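Presented below is the structure to which this report refers.
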2 protein chains.
Amino acid sequence: MRIARTPDDLRLQLAALPRPRVLVPTMGALHDGHLALVHRARKAAGPDGTVAVSIFVNPIQFDRPGDLAAYPKPLEDDLAKCQAAGVDLVFAPEAGAMYFPDRSVTVTESLLSKHLCGATRPGHFDGVCTVVLKLFNLFQADAAVFGEKDVQQLAILRRMVRDLDVPVEIIGHPTVREPDGLAMSSRNVRLTPEHRADAPRIRRALEGARSLLQFGERSAAPFLAAARKHLEDSPFLRIDYLELVDAETLQPVGPIKRPAVLATAVFYGDVRLIDHVTLLP
Amino acid sequence: MRIARTPDDLRLQLAALPRPRVLVPTMGALHDGHLALVHRARKAAGPDGTVAVSIFVNPIQFDRPGDLAAYPKPLEDDLAKCQAAGVDLVFAPEAGAMYFPDRSVTVTESLLSKHLCGATRPGHFDGVCTVVLKLFNLFQADAAVFGEKDVQQLAILRRMVRDLDVPVEIIGHPTVREPDGLAMSSRNVRLTPEHRADAPRIRRALEGARSLLQFGERSAAPFLAAARKHLEDSPFLRIDYLELVDAETLQPVGPIKRPAVLATAVFYGDVRLIDHVTLLP
């Protein structure tokens with residue numbers, strides 16, 4: 001497995017690797033969810049293509065300095081997991097290798113980023129779009145795999161690719177969960193044991209609300225109320241947002257007439273977790 | 001010469017054309033300045049490479065609807081000039097083929113676009129960056145040629161390529177002038193005969209100011225005053241801006257210690273013309 005630490009080194013090493021080239025952009029602290037993305041990338045690349053993983057804790061997408069500082073960075077473990085998963089190339093740059101001190105060009109998204117995480121994390125998705133476009137350009141990737149867990153990120157990146165004619169295929173992969181239903185996240189390891197035991201409630205709250213569909217419910221309020229009730233029954237968590245939005249535009253919906261997403265972000269202490277369910281009318 | 005009118009058609013036709021692929025992005029109404037860029041592109045592409053020209057009056061970079069409506073669009077003439085100049089492929093899309101009605105992703109530049117044209121044309125350079133990145137992505141270009149006449153545009157595009165790791169080489173080409181010194185521009189044909197006769201004053205004002213360098217002058221005010229005096233002697237023109245900025249950062253400078261740019265935009269009626277000179281300390 002090759003490892004590149006700078007953009008120049010990356011370009012050199014890529015020249016020796018066959019196409020198609022499929023990228024899995026990550027912030028490291030790899031878990032089984034990431035490895036599922038790697039396997040999906042291998043399927044897309046084929047046995048003879050190249051699967052590449054980027055490991056970069058992108059400073060410009062963090063709105064809270066504490067969150068950035070606390071983000072786990074177990075690089076040696078990550079490299080071992082990539083090697084075991086059959087990754088061909090890992091790109092793990094320092095922040096200084098990715099951004100000039102006087103950088104002034106940003107990719108901005110002005111519609112899909114207005115709600116959900118975008119509303120409470122100002123600048124977050126501009127940071128995501130900017131770094132992902134940089135990675136696409138550096139890798140000259142043919143395709144890239146992202147987790148559906150980050151539903152808003154995935155929708156925004158698809159929009160970026162559409163609006164900027166980026167020649168990269170975006171592949172989404174279903175959320176991978178712990179046995180108790182908690183969505184896998186690099187932030188889960190920062191939960192206290194009590195909070196970890198409570199956290200599967202997030203999924204149950206969303207699934208429970210979704211079950212109202214079976215009773216013919218289509219207006220937004222009952223779904224939101226049911227999920228909120230179950231979340232607020234927790235003695236620990238604080239709701240950052242709970243919203244019902246159109247699955248494509250991510251704008252709030254009234255009656256559910258097209259695929260919609262019931263999405264939430266909650267805090268356990270200073271650990272922020274997200275999850276969502278899709279509602280099909 | 002091939003002609004493509006939609007992005008899909010462009011991709012198909014490009015597949016048959018050899019690399020390197022050098023792009024000259026234009027808004028059409030081609031004059032000898034553009035044709036000099038085409039010849040520069042041929043030099044970069046070599047006899048066996050591909051020289052492509054895009055002709056697209058990009059609506060999102062116009063801040064004045066009247067300017068957009070009045071912009072000349074002589075497509076048949078443009079195609080004939082491209083053919084005669086040895087262009088291999090022209091891409092001339094309709095606006096509807098380039099932008100979705102609900103487009104929401106933009107490339108923004110926040111530093112170099114603050115002065116000069118950026119100050120009086122809000123959103124202009126975001127529109128330029130966005131369309132140029134789209135064209136780079138659609139063409140998968142190896143290099144692109146731009147006129148140095150649009151000095152701010154060229155600096156901003158170089159910055160975009162740097163900050164987003166765009167794998168396209170940016171080639172600048174010196175301003176091409178009419179025999180009387182007026183910088184060539186597609187807007188020149190819209191000048192009245194009186195205005196056209198007066199317009200070489202722009203270049204003379206800038207050159208005259210630059211001559212102060214020979215007398216050891218290095219502070220900004222005398223350069224600005226000399227140029228302003230000569231411009232304001234015109235009975236016709238109105239100054240949009242006149243600024244002395246650093247050649248790289250495009251921020252206003254006091255004493256000239258590094259390469260600087262003395263740049264102006266003026267209106268003759270509703271026709272806006274730009275020009276600049278470089279001052280080397």
Open item on the list: Every residue in segment B:162-194 that is among the β-branched types (Val, Ile, Thr), farther than 17 Å from B:Ser54 by Cβ and not in a loop (DSSP other than H, G, I, E, B), please.
Closed with: B:Val189
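Residues are listed down the side, and each one gets a yes or a no for (1) among the hydroxyl-bearing types (Ser, Thr, Tyr); (2) surrounded by fewer than 19 Cβ atoms within 10 Å (Cβ to Cβ); (3) modelled with pLDDT under 95; (4) over 22 Å from A:Leu157 (Cα atoms):
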{"position": "A:Asn58", "(1), (2), (3), (4)": "no, no, no, no"}
{"position": "A:Pro72", "(1), (2), (3), (4)": "no, yes, yes, yes"}
{"position": "A:Leu75", "(1), (2), (3), (4)": "no, yes, no, yes"}
{"position": "A:Gly96", "(1), (2), (3), (4)": "no, yes, yes, yes"}
{"position": "A:Pro101", "(1), (2), (3), (4)": "no, yes, no, yes"}
- [ ] Of all residues in segment A:170-204, count the ones that are over 19 Å from the mean Cα position of the chain (by Cα) and of a type in the set (Ser, Thr, Tyr).
- [x] 1
Task: Leading residue by the ranking (surrounded by the fewest Cβ atoms within 10 Å (Cβ to Cβ)) among those in segment B:250-281 that are under 18 Å from B:Arg159 (Cβ atoms) and among the small types (Gly, Ala, Ser) - done: B:Ala263
- [ ] Inspect all residues belonging to segment A:13-22 and state whether any of them is closer than 11 Å to A:Val87 by Cβ, in contact with a strand residue (DSSP E or B) (Cβ under 7 Å, 6 or more places away or on another chain) and aliphatic (A, V, I, L, M).
- [x] yes
Task: Candidates A:Arg258, A:Arg272, filtered to the one that is modelled with pLDDT of 95 or more, in a loop (DSSP other than H, G, I, E, B) and out of contact with any Cys (no Cβ under 7 Å at 6 or more places or on another chain) - done: A:Arg258
- [ ] Output yes when any residue across segment B:153-171 is in contact (Cβ under 8 Å) with a residue 40 or more places away in the chain and among the polar types (S, T, N, Q), and no when none is.
- [x] no
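Let's see how each residue does on (1) among the small types (Gly, Ala, Ser); (2) touching a Cys at 6+ places or on another chain (Cβ under 6 Å); (3) surrounded by 16 or more Cβ atoms within 10 Å (Cβ to Cβ); (4) within 14 Å of A:Val261 (Cα to Cα):
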{"site": "A:Met184", "(1), (2), (3), (4)": "no, no, yes, no"}
{"site": "A:Ala199", "(1), (2), (3), (4)": "yes, no, yes, no"}
{"site": "A:Ala225", "(1), (2), (3), (4)": "yes, no, no, no"}
{"site": "A:Glu248", "(1), (2), (3), (4)": "no, no, no, yes"}
Task: So A:Ala45, is it more than 17 Å from A:Arg187 (Cβ to Cβ) and assigned by TED's automatic domain parsing to the domain that holds A:Thr6 - done: yes
Open item on the list: So A:Pro122 passes all but one of these: (1) within 14 Å of another protein chain (Cβ to nearest Cβ); (2) at pLDDT below 95. Which condition number does it fail?
Closed with: (1)
- [ ] Please work out if A:Arg158 is of a type in the set (D, E, K, R) and at pLDDT below 95.
- [x] no
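Given the criteria within 14 Å of chain B (Cβ to nearest Cβ), under 30 Å from A:Val253 (Cα atoms) and among the small types (Gly, Ala, Ser), does A:Ser104 qualify?
no
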Open item on the list: Take the conditions over 27 Å from B:Glu169 (Cβ atoms) and among the β-branched types (Val, Ile, Thr) and apply them to A:Thr130. Does it pass?
Closed with: no
Open item on the list: Criterion first (farther than 21 Å from B:Val166 by Cβ and not assigned by TED's automatic domain parsing to the domain that holds A:Asp240) does A:Gly118 satisfy it?
Closed with: yes
TODO: For B:Glu207, state whether it is over 13 Å from the mean Cα position of the chain (by Cα), farther than 30 Å from A:Asp165 by Cβ, more than 13 Å from chain A (Cβ to nearest Cβ) and without any contact (Cβ under 8 Å) to a residue 60 or more places away in the chain.
DONE: no
Task: Count - residues of segment A:228-245 that are in a strand (DSSP E or B) and not hydrophobic (A, V, I, L, M, F, W, C) - done: 4
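Residue-by-condition table, conditions (1) touching a His at 6+ places or on another chain (Cβ under 7 Å); (2) within 15 Å of B:Arg238 (Cα to Cα):
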residue	(1), (2)
B:Arg177	no, no
B:Gly181	no, no
B:Ser185	no, no
B:Arg190	no, no
B:His195	no, yes
B:Ala199	no, yes
B:Arg204	yes, no
B:Ala220	no, no
Task: Search result, residues across segment B:138-148 that are touching a strand residue (DSSP E or B) at 6+ places or on another chain (Cβ under 6 Å) and either over 13 Å from B:Thr26 (Cα atoms) or part of a helix (DSSP H, G or I) (or both) - done: B:Phe139, B:Ala141, B:Asp142, B:Ala143, B:Glu148
Task: Failed criterion for A:Pro122 (all others in (1) outside any helix (DSSP H, G or I); (2) buried (at least 16 other Cβ atoms within 10 Å of the Cβ) hold) - done: (2)
Open item on the list: Which residue is nearest to the other protein chains (Cβ to nearest Cβ), if the candidates are limited to segment B:135-169 and must be surrounded by fewer than 18 Cβ atoms within 10 Å (Cβ to Cβ) and within 15 Å of the chain's Cα centre (by Cα)?
Closed with: B:Arg158
Open item on the list: Among the listed residues A:Leu68, A:Leu112, A:Leu37, identify the single one that is touching a helix residue (DSSP H, G or I) at 6+ places or on another chain (Cβ under 8 Å) and buried (at least 20 other Cβ atoms within 10 Å of the Cβ).
Closed with: A:Leu112
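The values are calculated or read from the model by the stated rules, or taken from the named source; none is laboratory data. Since the structure is predicted, the reported quantities are computational estimates derived from the model, not experimental observations. A quick note on method: Cβ atoms are made from the backbone with ideal geometry, for glycine too, and the neighbour counts reach across all protein chains shown.
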